[in-house]
Every structure is written in C-alpha cells, then in structure tokens.
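Student: Encoded as structure tokens, here's the structure I'll be asking about.
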Amino acid sequence: METRVYVLRHGQTFANAEGRFAGRTPEPLTEKGEKQAVRAGEYLRADPPGRIYISPLHRTRRTAELMMEALGGSSEIVEASDFLEISIPPWEGRFKHELRSDPAMQYEVWSRAPHRFYLPGCETLAEVYGRAVRGMEEIFHRESGRAVAVVTHMVVVRSLLVHYLELPLSAYRTVPVPNALPVLFRRRDLEVTIEVPFGEGPEAEEMREFLKRVRS
C-alpha cells in the first residue's frame, strides 16, 4: 500500500519579494504567488489530494484555496499546527538586511549555521524539525493508502527533506525550496522516497538535481 503526500511551500508573498521575514504575520500572496498556487493545483489534477493540510496562516490557506479551485473544489482543507512557520517574534516584519546589522538578533548565525541558532523566547531549528516530522508521520498513519497535500513554509519543507533524505540538520541550507512546487513523498511500508513529479524550468530542475546528488 502506498501513501502519497505532496509537500509544498506557499506561493510567493510580498515579504518574499521584498526581503522581509514574515514569520507568523498574516502576510498576503503576491499576484505571482496566486498564479503559482493555481499552477500547483493544476499539477495535482493528475493525482488529486483528498485533503490539503495547511499551516494555520493566511498565506498557506490562500494557497490551498486557490489550489482547491484549480482542482475543482473536491479537497478538504485541514489546519495542522505542526506545519507552522518557525516562531521568531523579534524578526517579524523586519527586513533581513536590518536583522543582519543587529548582532543581538542572531541572524548571521541563522544564515551560516541555522542548526546552532538560539534566541531566547524563540524556536530553534531542531524544535521545528521535531514537530514537522511528527506531523508528517501522523499524516502517513492517518492517510494510509491515499493522496494528500501539505501547504507549509520553507523551514518545514527543508526540515522534512533533511529528515527523510537522512541528511544532518547542518545540511539545512543546502536544500532548495521554491514557492508552490509540489514535492512528492511516497511511503511504502517503512520506506519513503522523494521526487518532483511536476514542474518545468530552473527551479524544478534545481530540485531534481539536488535529489539526484543526494541519492548518488
């Protein structure tokens, strides 16, 4: 029996385009991001997900809604807090170049060695990794034998790829994660394989090349 989970980052937001850290703010999608979400839904017509699990933030819900419209409105949207964006309140809404200029914000640590990042009152990468894997394992169990989708954030997608590709957490920065590109996690018994079945252009090819390098 095979379980298929299509994991994708939300569509492009204004924060993505402007170089800001959105965090858990109600950041909207850009026009480009909305088109990306529709395209993701069109891709998944080939294997329609019965449910779309989302991080409970506006940008993931909007991405899922647009995907569902492109799919014909047949999927159920389910919020799952394990797939939330990392919680770093002091960064929210701030430009990344501002964060880099303030050593107290630890942004350089996050940029160079994110597995060592620590800021009081904030999540660490290991904590996000732990809840992301827990959420994914719960979906594999709950949705056994079915196809579903997960719309989440870059930090969660990277964490899941690091885990299921059996990479060290220090490899986090090496993982490419474009907006709204479905990455398929196939589970058969205890084995999980990963592929990029849809998409053309440089971002999709970069993901495929990354997976090829890891497997070689």
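Student: Quick one: count up the residues across segment 57-94 that are modelled with pLDDT of 95 or more, touching a strand residue (DSSP E or B) at 6+ places or on another chain (Cβ under 7 Å) and more than 19 Å from Asn179 (Cβ to Cβ).
Tutor: Of the residues in segment 57-94, 5 are modelled with pLDDT of 95 or more, touching a strand residue (DSSP E or B) at 6+ places or on another chain (Cβ under 7 Å) and more than 19 Å from Asn179 (Cβ to Cβ).
Student: Given the criteria surrounded by 14 or more Cβ atoms within 10 Å (Cβ to Cβ), of a type in the set (Val, Ile, Thr) and over 17 Å from Ser81 (Cβ atoms), does Val192 qualify?
Tutor: Numbers: surrounded by 14 or more Cβ atoms within 10 Å (Cβ to Cβ): yes; of a type in the set (Val, Ile, Thr): yes; over 17 Å from Ser81 (Cβ atoms): yes.
In short, yes.
Student: May I ask you to list the residues in segment 156-174 that are in a helix (DSSP H, G or I) and of a type outside the set (S, T, N, Q)? Quick ask: steps written out before the conclusion?
Tutor: From segment 156-174, those in a helix (DSSP H, G or I) are 156-164, 169-174; that's our starting set.
If the condition is that a residue be in a helix (DSSP H, G or I) and of a type outside the set (S, T, N, Q), then Val156, Val157, Arg158, Leu160, Leu161, Val162, His163, Tyr164, Leu169, Ala171, Tyr172, Arg173 are the ones that fit.
Student: Look at Ala104 and say whether it is farther than 20 Å from Thr25 by Cβ and surrounded by 13 or more Cβ atoms within 10 Å (Cβ to Cβ).
Tutor: Details: farther than 20 Å from Thr25 by Cβ: yes; surrounded by 13 or more Cβ atoms within 10 Å (Cβ to Cβ): no.
So Ala104 does not fit the description; no.
Student: So, Arg134, is that one at pLDDT 95 or above, more than 23 Å from Gly11 (Cβ to Cβ) and part of a strand (DSSP E or B) or not? Break it down stepwise before answering.
Tutor: On the way: at pLDDT 95 or above: yes; more than 23 Å from Gly11 (Cβ to Cβ): yes; part of a strand (DSSP E or B): no.
No, not satisfied.
Student: Taking segment 5-33 as the region of interest, how many residues are farther than 27 Å from Pro90 by Cα and within 16 Å of the chain's Cα centre (by Cα)? First the steps, then the outcome.
Tutor: Looking only at segment 5-33, we keep the residues that are farther than 27 Å from Pro90 by Cα, and these are 5-7, 31-32.
In the following step, the residues that additionally are within 16 Å of the chain's Cα centre (by Cα) were identified as 5-7.
Number satisfying all stated conditions: 3.
Student: Residues being in contact with a helix residue (DSSP H, G or I) (Cβ under 6 Å, 6 or more places away or on another chain) and either crowded, with 22+ Cβ neighbours inside 10 Å or in a loop (DSSP other than H, G, I, E, B) (or both): count how many of those fall in segment 57-72. Working first, answer last.
Tutor: Narrowing segment 57-72 to residues in contact with a helix residue (DSSP H, G or I) (Cβ under 6 Å, 6 or more places away or on another chain): 63, 66-67, 70-71.
The next check asks that each one be either crowded, with 22+ Cβ neighbours inside 10 Å or in a loop (DSSP other than H, G, I, E, B) (or both); those that pass are 63, 66-67.
Counting residues in segment 57-72 that are in contact with a helix residue (DSSP H, G or I) (Cβ under 6 Å, 6 or more places away or on another chain) and either crowded, with 22+ Cβ neighbours inside 10 Å or in a loop (DSSP other than H, G, I, E, B) (or both) gives 3.
Student: Pairs only if they're at least six apart or on different chains, beta carbon under 9 angstrom, first in segment 118-142 and in contact (Cβ under 8 Å) with a residue 40 or more places away in the chain and under 20 Å from Pro103 (Cβ atoms), second aromatic (Phe, Trp, Tyr) and assigned to a helix (DSSP H, G or I); list them, first residue then second.
Tutor: Final answer for the pair search is Leu125/Trp110; Leu125/Tyr172.
The values are calculated or read from the model by the stated rules, or taken from the named source; none is laboratory data. Just so it is clear, the structure is predicted and the values come from calculations on it, not from any experiment. Quick reminder, even Gly has a Cβ in these numbers, built from the backbone with ideal geometry, and neighbours come from all protein chains shown.
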